[in-house]
1. What nm value, rounded to one decimal, do you get for the distance between Lys54 and Asp613 when each label is placed 7 Å out toward the C-beta?
2. Distance between the C-alpha centers of segment 589-622 and segment 322-378? Whole Å please.
3. HN-Hα J couplings of segment 416-421 from phi, Karplus 6.51/-1.76/1.60, θ = phi - 60°, integer Hz, Gly and Pro as x?
4. Could you order peptides 65-71, 613-619, 218-224 by the average number of other Cβ atoms within 10 Å of their residues, highest first?
5. For mean projected area of the Cα convex hull in nm², several values are listed as (1) 34.5; (2) 30.7; (3) 32.5; flag the one computed from this structure.
6. If you count, for each residue, the other Cβ atoms within 10 Å and average over each peptide, how do 280-287, 257-264 line up from highest to lowest?
7. Excluding Leu267 itself, what net charge comes from residues whose Cβ is under 14 Å from its Cβ, given Lys and Arg +1 and Asp and Glu -1?
8. According to the square roots a ≥ b ≥ c of the eigenvalues of the Cα gyration tensor, what is the shape class of segment 525-631, taking rounded for a/c under 1.5, prolate for a/b larger than b/c otherwise, and oblate for the remainder?
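The values are calculated or read from the model by the stated rules, or taken from the named source; none is laboratory data. Being a predicted model, the structure only gives us computed values, none of them experimental. Cβ placement follows ideal geometry from the backbone for every residue including glycine, while neighbour counts extend to all protein chains displayed. Side chains are part of the model used for accessible areas, which takes the heavy atoms of the whole protein and leaves out ligands, DNA and RNA. Shrake-Rupley method; radii C 1.70, N 1.55, O 1.52, S 1.80 Å.
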Amino acid sequence: MVKLTVDGTEVEIAAGSSVLQACEQAGREIPRFCYHERLSVAGNCRMCLVEIEKAPKPIASCAYPAAEGMVVKTDTPMVRQARRGVMEFLLINHPLDCPICDQGGECDLQDQSYAYGMDHSRYAENKRAVKDKNLGPLVKTVMTRCIQCTRCIRFATEIAGVPELGATARGENLEVGTYVEHALTSELSGNLIDICPVGALTSKPYAFVSRPWELRKTDSIDALDAIGTPIRVDSRGGEVLRILPRVNDDINEEWIGDKSRFSVDGLKRRRLDRPWVRRDGKLQPATWPEAFAAIAERLQGLPGHRIGAIAGDLCDAESMMACKDLLASLGAHNLDCRQDGAALDASRRDFYLFNSTIAGIDAADAILLIGTNPRREAPLINARIRKRYLATAGRLPIAAITPPSDLTYKTINLGASPAALAGLIDATTPFAETLRAAAHPMIILGQGAIARPDGAAILAAAWRVADAVGALKPAWHGFNMLHTAAARVGALDLGFLPGPGGLAMPAMLAGGVDLLWLLGADAFDTAAIAPSTFVIYQGHHGDRGAARADVILPGAAYTEKDGTYVNTEGRVQRGYQALVAPGEAREDWRILRAFSATIGHTLPYDTIDALRDRLAQANPTFARVGLARFGATDTGAPHGEGGIADAPFTPAIADYYQTNPISRASLTMAACSANAPPALAGSPLAMAAE
């Protein structure tokens with residue numbers, strides 16, 4: 001620790017910290033453009049100048065280390081004049097087109113020129129013009145506005161791990177862009193918009209749509225993957241216009257995946273806004289009483305063992321609880337939430353959680369990936385692994401049992417077949433010794449590894465690997481399941497699985513039930529449903545499930561309801577309603593509650609608070625909102641019988657941009673999917689990322 005004085009206030013800060021950090025700790029605001037807390041220091045903009053006693057000139061505080069006894073002054077005539085001069089230089093070539101700039105109202109350059117700049121300019125020369133770059137369907141460029149802070153270059157290289165942006169030429173001719181014009185290939189490219197301090201990089205789908213002060217801002221949780229990213233939903237009228245990340249160091253830091261950010265146009269396309277009933281082989285509009293009557297008629301005389309339900313990937317815990325209670329009142333135990341057929345063991349919570357937690361990646365000293373491509377399945381977790389990899393100067397040992405792909409960091413490929421697990425258990429593979437020697441080894445098992453006929457055996461083998469290498473310790477739980485669906489962990493916590501004598505999804509689809517309730521479930525081939533099965537689809541988009549349905553009940557999307565979600569690490573989080581569902585669509589749990597009253601099996605809750613009490617009763621985990629918990633480690637292992645096939649693992653996600661009804665309805669995601677390059681395994685980009 002070192003002690004220094006900032007504007008007369010004594011500050012104690014860790015050795016190696018910068019003067020800017022010391023000033024922030026002392027409560028002094030230091031303007032900056034190039035400096036960002038999560039990026040390396042560049043020292044380009046010189047806006048953070050301060051005066052240090054005995055220094056002959058102002059010092060760039062972001063790049064200057066704090067020293068013992070240093071005396072820093074942040075608001076002297078010399079500092080004010082220096083900042084005015086820097087701001088005057090930055091504005092020499094800036095086009096000053098704030099009235100037509102999408103960054104207007106939330107622009108660092110606007111704010112700091114007002115707070116620290118001059119009230120006039122001494123330059124009357126012509127401004128420099130720079131050609132705009134085509135970075136693909138997501139990021140719009142107006143490069144004349146660029147102030148060469150290089151935040152975008154450092155983000156692409158350091159965080160995203162895709163070093164496609166750089167600076168060419170020098171001096172007044174310097175330009176930022178891709179070296180060869182092409183679309184960005186990162187799943188995190190939208191974060192460039194957030195970190196750009198000016199209007200050089202803005203959202204292409206959001207261009208000229210609204211101003212920040214016109215938007216209603218609602219905190220919520222992203223439901224398009226299993227990470228549970230905290231988000232802010234910006235809406236106007238009855239439409240979501242954009243989604244931005246919120247800061248949470250335990251989950252997403254301050255980043256968000258492109259699918260979660262840019263799928264907003266899918267929230268208004270192909271929506272279900274009224275009930276439908278199939279009559280004479282055709283779906284026809286109906287009223288709510290007519291839809292309920294059609295279902296009730298089909299239920300008459302139907303025994304419970306001929307009724308089933310499948311929960312989809314975007315469901316909130318409240319709707320799944322109501323659905324489970326409804327079927328239980330009918331004597332039905334045919335429930336399933338595993339649309340992909342994953343062989344998950346719900347007998348203990350740590351069998352299906354990311355037990356080390358996402359933040360725990362920062363402490364890992366050896367990582368094994370089994371049947372997963374985290375770059376496609378969970379880009380923010382992949383970025384966290386890359387962050388840890390860079391923090392160890394590339395010395396973090398990472399091995400993968402998966403088909404080769406560019407994960408943005410160097411991996412040791414142990415093959416694509418689960419046969420490699422035997423060598424890790426028996427310690428005949430060199431990487432087994434690496435895991436044993438690690439203090440905090442991590443084993444990350446993907447859904448692609450267990451969504452196959454021998455999935456249960458692979459799950460048990462992965463657990464044995466974790467046990468054999470010492471990853472199951474009282475102070476460190478190194479077994480991690482990486483989910484891809486936002487609803488999956490919550491469904492497992494609620495036991496939305498076959499009950500006593502109940503059928504799993506394949507048996508239900510094959511004709512094991514006469515009535516099948518699809519609660520937002522459309523991530524499977526609905527043509528596999530037996531023709532004689534009566535299908536109710538309750539969801540918000542006219543996707544695969546709606547096409548097969550005999551009755552359609554329009555539900556609300558995740559932005560249109562209050563809901564509880566549990567992320568892959570078991571953290572219970574709450575999302576909040578940002579706008580009203582279109583037309584006659586209603587919140588899913590309310591639909592189920594209303595239908596239960598129609599058939600004389602009224603569910604015992606009328607408010608969402610009462611339903612959440614029922615959630616906590618079903619599993620106390622739901623009473624611990626915001627906490628990531630895992631079950632105690634013991635000697636028990638997941639149940640897995642049978643042999644393991646030699647077939648190589650296949651990806652759990654074939655197309656990152658097309659994984660759910662919302663993203664499949666999005667024109668922006670369709671454009672991204674069309675522009676997505678093939679796998680970059682062994683490419684120069686992959687090698688440069690190392």
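1. Each label point is offset 7 Å from its Cα along the Cβ direction, giving 6.9 nm.
2. The two parts, judged by their Cα centres, are 24 Å apart.
3. Whole-Hz 3J(HN,Hα) from phi for segment 416-421: 9, 10, x, 4, 5, 5.
4. 218-224, 613-619, 65-71
5. Checking each listed value against the structure points to (3).
6. Final packing ranking: 257-264, 280-287.
7. +3
8. Because a/c hits 1.5 or more and a/b exceeds b/c, segment 525-631 counts as prolate.
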